[in-house]
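I have placed the structure first, in the form of structure tokens, so that the comments after it can refer back to it.
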Number of protein chains: 2
Amino acid sequence: MTTTHYEAVPEVASDAQARGRDLVVMKFGGSSVGDTQKIKDVAHRLVAAREAGYRVVGVLSAMGHTTDELIRLAREVSARPNPREYDMLVSTGERISNALCAMAIYDLGHEAVSLTGSQAGIVTDTVHGKAKIAEVRGQRINDALDDEKIVLVAGFQGVSSANEVTTLGRGGSDMTAAALAAALGATVCEIYTDVEGVFTADPRIVPNARKLKALTYEEMLELAASGAKVLQLRSVEFARNHDVRLHVRSTFSQAEGTWIVDEEDPVLEKAIISGVAHTDCEPLFRAREIDAAKLFAQLAGVSVNVDTILQVSSDEIVFSAPLEDRETCEQLLGSLGIEWSMRDDLGKVSLIGAGMKSHPGIAAKTFATLEGIGVESKVISTSPIKIACHVATADVSRSVAALHDAFELETA
Amino acid sequence: MTTTHYEAVPEVASDAQARGRDLVVMKFGGSSVGDTQKIKDVAHRLVAAREAGYRVVGVLSAMGHTTDELIRLAREVSARPNPREYDMLVSTGERISNALCAMAIYDLGHEAVSLTGSQAGIVTDTVHGKAKIAEVRGQRINDALDDEKIVLVAGFQGVSSANEVTTLGRGGSDMTAAALAAALGATVCEIYTDVEGVFTADPRIVPNARKLKALTYEEMLELAASGAKVLQLRSVEFARNHDVRLHVRSTFSQAEGTWIVDEEDPVLEKAIISGVAHTDCEPLFRAREIDAAKLFAQLAGVSVNVDTILQVSSDEIVFSAPLEDRETCEQLLGSLGIEWSMRDDLGKVSLIGAGMKSHPGIAAKTFATLEGIGVESKVISTSPIKIACHVATADVSRSVAALHDAFELETA
């Protein structure tokens, strides 16, 4: 009995394989379904996969303007909308885009069925607005696939154990896609977006940045946490834990994008450094006269994702947090009755690569490169596959360019 | 066992009464929830009923522009949208308005919960676009009412026996309200609209038309079938069959509206004539060389609501049908290979009143009145409580005014 849980996913997987055809989950974000013409384009894309012989599950986000309009209505009605009702409201957005896409698929001569999160068996916990998926009951999807239908699932939503509509929070459609791919035993989970994949650096800063062919889950997690906004963190973690191969690619081209896979996957090219990520502003907090354990327990309690931590002395701690958590941090520190300060004139440059583990000297080269262009690192943090430096916001762009150049990331 | 079905409604009714508080179902149409301010007004209205001691179930239609926008999107995507997906799409409109209203109720210090048709237990047949309610499973609503919540139910929709989202067709929210009122044992089903009630004639034509205090179901059915657009026919039939007292009233005033009740109800004032209804155009068809039974079976097969029928001679039939069925009739007649014609220069004026049954001479006075103003009746049809005359479209308004005057309908 105790092993049932662990065996669930591979069991469903072999079930899908037993059906004799590979299954692909294809997720399309808000910019990919912005208007009805784009929804028709997505329908073509899904039908092409079906005609290539795949069993196809599509996951569509809401049309961008739909969600904005729903949020505007909620704000007009209430300053603090009831969370359960807010989920009832905003979850209609995905239902609209998926139903429209199903109609378009019929017009292309194929059968389709759009399912709400609830109908698709996406069971979540009861936390409205940022529910976590607890289980996927794939029966209805599998039945529809067996009926030769293209199945569309409303992303970003589920039904709670209390039988209420829930939403998964920002980027939740990635999570829906990854969970479905795991539960249904998909060969690949394709994440369609408005960029061509994951790049060695932000192409707006480094014109010769190169699209990566493949990354490990760990590298993608570090990149995402360090400022690369391509994929939701939680969905990458989930994919890693359930061995779902992700393929991030462009909605608007047929080119291959970037694969995100296990360290052992043959698609990987074992580069030492994969990319340079950055944030322009990463607030740095300094707190005195407080126990570190107590401080970070409190920060965790208000859901702040603390990044770098430095114990400066026995009674002084420095830490950084993402810009969106700045206000929460300030409120918490202000409430503790301690001496504290904050500076927001720094950004962060992060060098990431799975090959770092076995290649010493990367840190030394990083610091030498920054010194060489006269940039001072204020705070340094590392993981086995990352070196991150806080530098002045004004120095972020040229630091990224210099590191990209020094490690020759423009060449594969 | 065989009596279970018939006993279901009164059983639930006494159940509600056993809870010690009267239950009211309040239905608000599209014009009553046109924008967020109006939705807040509806919230006030529901809360007022709750504070007056009622158990309250609200049924809101979609905001007018929401449905228009959804239909526009569907048309952009597909010339003939798949019916199942069309229902998935348009049913989101009611979900939006009901969720917004629930938020507004919380801001007024009361608890509320908005339910989709499916969550509310509105079970229908499987006919997408014009499903019929087969059953109401009121458990979830009753539980929420027991929790002191105001319950909002998305009108116009249900879930089919095949577990698909269905819609009930035009005016379906009235049907939702009537069905809930019956199943939950409501004291009254209030239909809020943009008019003050049912009038003795259209006030735009007859300025001294009077708001009726009460009507029988039969009178309302004849009025609705004769052109009065206040209530959906099907919901009145349902209310009659299940003894639901309807109260049609204005969203924008506190005044009493018009009660629609059983013949024995004390609220009735036993008027001889209740009102004059009219349509400006009621197409008249003439068909030769076809058996009547065969013709009308075929018309029923394409869902035409044939109104007046006249067997002119052994091989000639005249019948009228509502304007919206004109094209369907023409297509059908055209396909039969018979001689036929259509004229659309006539409207219909109908005098309606339950008292007619016991008062002879109404027909004579009707014809005399029309003759007196030089109007010729082309076709006449009657029921025990109705006299209807086809007259030239140009004569409709003055015929209505003359009849209203002759029968002194301006005085109660």
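Here, each number is a calculation from the coordinates, and none is a lab measurement. All values derive from a computational prediction rather than experimental measurement. For neighbour counting, all protein chains shown are included, and Cβ atoms are generated from backbone atoms with ideal geometry for every residue, glycine included.
Beta bridges per DSSP, both residues in the stretch B:4-194: antiparallel share near 20 percent. Which angle from 0 to 90°, rounded to the nearest 10, does the C-alpha axis of helix A:396-406 make with the longest principal axis of chain A? In chain A, helix A:396-406 runs at an angle near 80 degrees to the longest axis. Look at the stretch B:101-108: the mean tally of other chain Cβ atoms within 10 Å of its residues' Cβ atoms is 6.
Ordering B:R50, B:R398 by the number of other Cβ atoms within 10 Å of each residue's own Cβ, fewest first, gives B:R398, B:R50.
Please work out whether the stretch B:4-194 counts as rounded, prolate or oblate from its C-alpha gyration tensor, where a ≥ b ≥ c are the square roots of the eigenvalues and a/c under 1.5 means rounded, while otherwise a/b larger than b/c means prolate and anything else oblate?
oblate
Shielding value for B:90-98 is 4, the average number of Cβ atoms from other chains within 10 Å of each residue's Cβ. Taking 0.36 nm per residue of separation and subtracting the current Cα-Cα distance, fully stretching the chain between A:K132 and A:S335 would add 70.1 nm. Mind checking the log10 I(q)/I(0) for the protein assembly as shown at q = 0.05, 0.09 Å⁻¹? Debye, one equal scatterer per Cα, no solvent, two decimals. Values, matching the q order: -0.38, -0.96. Which shape class, rounded, prolate or oblate, goes with the stretch B:258-412 when its Cα gyration tensor gives a ≥ b ≥ c as root eigenvalues, a/c under 1.5 marks rounded, and past that a/b bigger than b/c marks prolate? The shape class here is prolate.
Just checking the output field for A:112-119: average partner chain Cβ neighbours within 10 Å of each residue's Cβ?
Details: counts 3, 5, 6, 1, 5, 0, 3, 6.
If you average over the peptide's residues, the count of other-chain Cβ atoms is 4.
Per-residue Cβ neighbour counts within 10 Å put A:T411, B:T167 in the sequence A:T411, B:T167, beginning with the fewest. Annotation for A:A52 and B:Q37: the two label points, set 7 Å from Cα along the Cα-Cβ direction, are 5.4 nm apart. For A:G361, the distances from its label point to the matching points in the remaining copies are 11.9 nm, ordered from shortest, with each point set 7 Å beyond Cα toward Cβ.
Within a straight-line Cα-Cα reach of under 23 Å, B:K213 can be paired with the following lysines, leaving aside sequence neighbours fewer than 8 residues apart in one chain: B:K27, B:K229, B:K270, B:K357, B:K386. Placing a pseudo-label 7 Å from each Cα along the Cα-to-Cβ vector at B:R72 and A:K294 gives an inter-label distance of 5.9 nm. Distance from the B-onto-A rotation axis is smallest for the Cβ of the chain B residue given, in whole Å, as B:T92, 2. Label sites at B:D146 and A:K378, each approximated as a point 7 angstrom past Cα along Cα to Cβ, lie 6.0 nm apart. A straight Cα-to-Cα reach below 16 Å connects B:K365 with the aspartates and glutamates B:E376, B:D405, B:E408, residues fewer than 8 places away in its own chain not being considered. With respect to chain B, whose longest principal axis is taken over its alpha-carbon atoms, helix B:326-335 is tilted by about 60°.
Relative to the dominant Cα principal axis of chain B, helix B:172-184 is inclined by about 60°.
Between A:T328 and A:D344, what length in nm is gained on full extension when 0.36 nm per residue of separation is reduced by their alpha carbon distance?
Working: separation 16, 0.36 × 16 = 5.76 nm, distance 1.44 nm.
The span from A:T328 to A:D344 would gain 4.3 nm if fully extended.
Please say if chain B is rounded, prolate or oblate, where rounded means a/c under 1.5 for a ≥ b ≥ c the square roots of the C-alpha gyration tensor eigenvalues, and otherwise the choice is prolate for a/b larger than b/c and oblate otherwise? The shape class here is prolate.
Between the DSSP loop rule and a limit of at most 11 other Cβ atoms within 10 Å, which trypsin sites (Lys or Arg not before Pro) in the stretch A:253-318 are left?
On the way: sites: A:K270, A:R286, A:R288, A:K294; in loops: A:K270.
Answer by residue number: A:K270.
With a cut-off of 13 Å between beta carbons, the residues surrounding B:R210 carry a summed charge of -4, where Lys and Arg count +1 and Asp and Glu -1.
Please give me, ordered by residue number, the GluC sites (Glu not before Pro) of the stretch A:110-189 that lie in loop per DSSP and have at most 15 other Cβ atoms within 10 Å.
Numbers: sites: A:E111, A:E135, A:E148, A:E164; in loops: A:E111, A:E148, A:E164.
Of the GluC sites (Glu not before Pro), the ones in loops of the stretch A:110-189 whose Cβ has at most 15 other Cβ atoms within 10 Å are A:E111, A:E148.
Restriction of the GluC sites (Glu not before Pro) in the stretch A:309-412 to DSSP coil positions whose beta-carbon has at most 15 other beta-carbons within 10 angstrom yields A:E339, A:E376, A:E408, A:E410.
Give, as a single signed number, the net charge of other residues whose beta carbon lies under 15 Å from the beta carbon of B:A224, with Lys and Arg counted +1 and Asp and Glu -1. Mind showing how you got there, number by number?
On the way: positive: B:R170, B:K229, B:R234, B:R240, B:K348, B:K386; negative: B:D174, B:D202, B:E218, B:E219, B:E222, B:E237, B:E282, B:D307, B:E324.
Residues close to B:A224 contribute a combined charge of -3.
For chain A, what does the helix formula give at 222 nm: sum of -39500 (n - 2.57) over DSSP H segments with n ≥ 4, over the residue count, nearest 500 deg cm²/dmol?
Details: 13 runs with 150 residues, N = 412.
Counting only the DSSP helices, I get -11000 deg cm²/dmol.
Please figure out what share of the DSSP beta bridges in the protein assembly as shown is antiparallel and state it in percent, rounded to the nearest 5. Don't jump to the answer; show the numbers that get you there.
Numbers: 80 of 138 bridges.
Restricted to the protein assembly as shown, the bridges split so that about 60 percent are antiparallel.
Using the Cβ-Cβ distance between A:A363 and A:Q254 with R0 set to 30 Å, the FRET efficiency works out to roughly 0.15. Listing B:S381, B:S253 from fewest to most neighbouring C-beta atoms within 10 Å gives B:S253, B:S381.
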